[in-house]
Amino acid sequence: MQEPDIAAVQAHLLSAIDAAAALDALETVRVEALGKQGRVTQLLKTLGGMTPDQRQVEGPRIHALREAVTTAIATRKAALETAALDARLASERVDMTLPVDAAPTGTIHPVSQVMDELAEIFADLGFSVATGPEMETDWHNFSALNIPETHPARAMHDTFYLEGAGSNPDDRERPAVLRTHTSPVQIRAMLGHKPPLRIIAPGRVYRSDWDATHTPMFHQIEGLVIDKGITLGHLKWTLETMLKAFFERDDIVLRLRPSYFPFTEPSAEVDVGWSTVKGRRVLGGHGDDKGGGWMELLGSGMVHPRVLEAVDLDPREWQGFAFGVGVDRLAMLKYGMDDLRPFFEGDARWLKHYGFSALDMPTLSGGVGAA
Ligand code: DAH
């Protein structure tokens with residue numbers, strides 16, 4: 001039997017391992033050496049046919065060859081893997097200090113825009129912005145607003161109750177519901193500050209509802225004025241001034257229609273007149289005649305004496321008016337969306353189309369509407 005030149009085999013394999021420039025090339029060499037038909041494997045097989053004396057000499061040499069080749073492959077593999085990782089890290093590196101190479105594409109959401117516009121308009125009328133929690137007590141959301149326990153607004157089908165909270169109409173501490181309107185902020189404002197008071201309260205409200213014009217979360221702005229000698233006339237002037245500024249038209253006409261809210265007496269639904277101009281419906285003007293009409297816009301009224309009593313104000317000394325309006329609805333009307341649901345879907349294309357420039361802040365001097 002011809003003695004294999006183990007030293008030559010080892011030299012050949014080790015240089016092939018060294019020359020392997022990538023992991024797949026290295027794998028080819030490994031199969032060539034250690035695979036079923038590999039050189040080293042075949043050498044190992046020759047041990048079986050040797051005499052004990054031969055085996056004693058050749059055995060250690062062949063095993064040493066296998067050992068050397070296995071170690072060399074492992075070492076080369078580790079080096080190639082490190083190099084691959086380094087290359088990847090180098091190619092994926094992000095330099096945070098580089099200037100952005102495109103204009104910022106984020107936009108202001110129409111809801112934020114409309115809230116900013118209204119805050120600007122009301123600031124000019126001397127109103128400040130008040131807030132309250134979205135997880136509200138039963139008492140603030142309902143009882144203090146003269147909504148008795150049997151009132152339909154309390155029914156499970158549109159109020160989200162908090163788990164385990166139970167509903168205790170007198171509990172002023174423990175949140176029991178997701179607020180169904182911004183009106184509880186009236187209560188918090190009157191408890192927190194002595195009148196005279198002029199506040200607006202923009203924020204999220206929640207009701208279990210879902211279609212093209214209702215989402216389970218939506219936005220309202222509440223308004224509240226408490227002072228002496230306040231009348232419905234003040235309410236109407238304030239709303240008219242607000243809506244003219246908001247829609248940027250002087251021909252906005254309002255109609256106060258008798259209505260019912262538990263927390264106001266009398267209560268009025270406020271409609272705004274619309275007309276048809278060149279075949280399109282536009283807000284402004286009115287006319288039940290010649291293609292026009294009224295559209296319901298907000299709820300309002302004179303603060304109910306029982307609400308004043310609930311916050312320890314004497315109704316003979318203090319009067320006030322309040323109103324509540326849907327922000328999303330105002331946005332849809334002013335900026336021409338007909339479906340509410342995409343407002344809250346976070347679709348970047350919708351936001352890009354309907355969003356506003358962050359640099360275009362609403363100001364009364366520059367026009368509250370976006371350019
Ligand atoms: N809270 C009422 C609602 O969510 C809206 C409302 C109506 C608010 C009359 C008022 C008001 O302040 O006076 O439907």
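The values are calculated or read from the model by the stated rules, or taken from the named source; none is laboratory data. The model shown is predicted, which means the values in this text are computed figures rather than measured ones. All Cβ positions, even for glycine, are placed from backbone atoms using ideal geometry, and neighbour counts span all protein chains on display. Ligands, DNA and RNA are excluded from the accessible area calculation, which covers all protein heavy atoms including side chains. Shrake-Rupley method; radii C 1.70, N 1.55, O 1.52, S 1.80 Å.
Listed values, structure above:
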{"read-out": "Radius of gyration and maximum dimension Dmax of region 38-77, Cα, Å", "value": "11.5, 37"}
{"read-out": "Net dipole in debye of region 1-86 [+1 Lys, Arg Cβ; -1 Asp, Glu Cβ; about Cα centre; nearest 20]", "value": "260"}
{"read-out": "Candidate aspartates and glutamates for bridging to Lys244, where Cα separation is under 13 Å - those fewer than 8 sequence places away on the same chain excluded", "value": "Glu117"}
{"read-out": "Cleavage-rule hits (GluC sites (Glu not before Pro)) in region 87-196: DSSP loop, at most 12 neighbouring Cβ within 10 angstrom", "value": "Glu92, Glu149, Glu163, Glu173"}
{"read-out": "Average accessible area per residue (Å²) across the chain - probe 1.4 Å, nucleic acids and ligands excluded", "value": "55"}
{"read-out": "All-pairs alpha carbon distance profile, region 108-235, 10 Å steps from 0, percent", "value": "12, 39, 34, 15, 0"}
{"read-out": "Point-charge dipole on Cβ atoms (K/R +1, D/E -1) for the chain, about Cα centre, debye to 20", "value": "540"}
{"read-out": "25 °C / 0.890 mPa s Stokes-Einstein diffusion coefficient of region 226-315, Kirkwood radius on C-alpha pairs, µm²/s", "value": "170"}
{"read-out": "Compactness relative to 2.2 N^0.38 Å, alpha carbon Rg of region 32-190", "value": "2.61"}
{"read-out": "From the C-alpha gyration tensor of the chain, square roots of 5λ in Å", "value": "80, 27, 18"}
{"read-out": "Normalised alpha carbon radius of gyration of region 197-243 [divisor 2.2 N^0.38 Å]", "value": "1.53"}
{"read-out": "Semi-axis lengths (Å, descending) of the ellipsoid that matches the C-alpha gyration tensor of region 6-104", "value": "46, 11, 9"}
{"read-out": "Kirkwood Rh, angstrom, region 109-163 [1 / mean 1/r, Cα pairs]", "value": "14.0"}
{"read-out": "Whole-number percent relative contact order across the chain, with pairs defined as alpha carbons under 8 Å at least 6 apart", "value": "16"}
{"read-out": "Rg and Dmax of region 213-371, Cα atoms only, in Å", "value": "17.9, 54"}
{"read-out": "Estimated FRET transfer efficiency (Arg255, Glu92; beta-carbon r; R0 56 Å; 0.05)", "value": "0.35"}
{"read-out": "Carbon and sulfur %, accessible surface of the chain computed with the full protein complex present, 1.4 Å", "value": "54"}
{"read-out": "Computed over region 166-234: relative contact order in percent, which uses C-alpha pairs under 8 Å that are six or more apart", "value": "32"}
{"read-out": "Eligible aspartates and glutamates near Lys77 by straight Cα distance, threshold 17 Å, same-chain separation 8 or greater", "value": "Asp18, Asp24, Glu27, Glu32, Glu67, Asp86"}
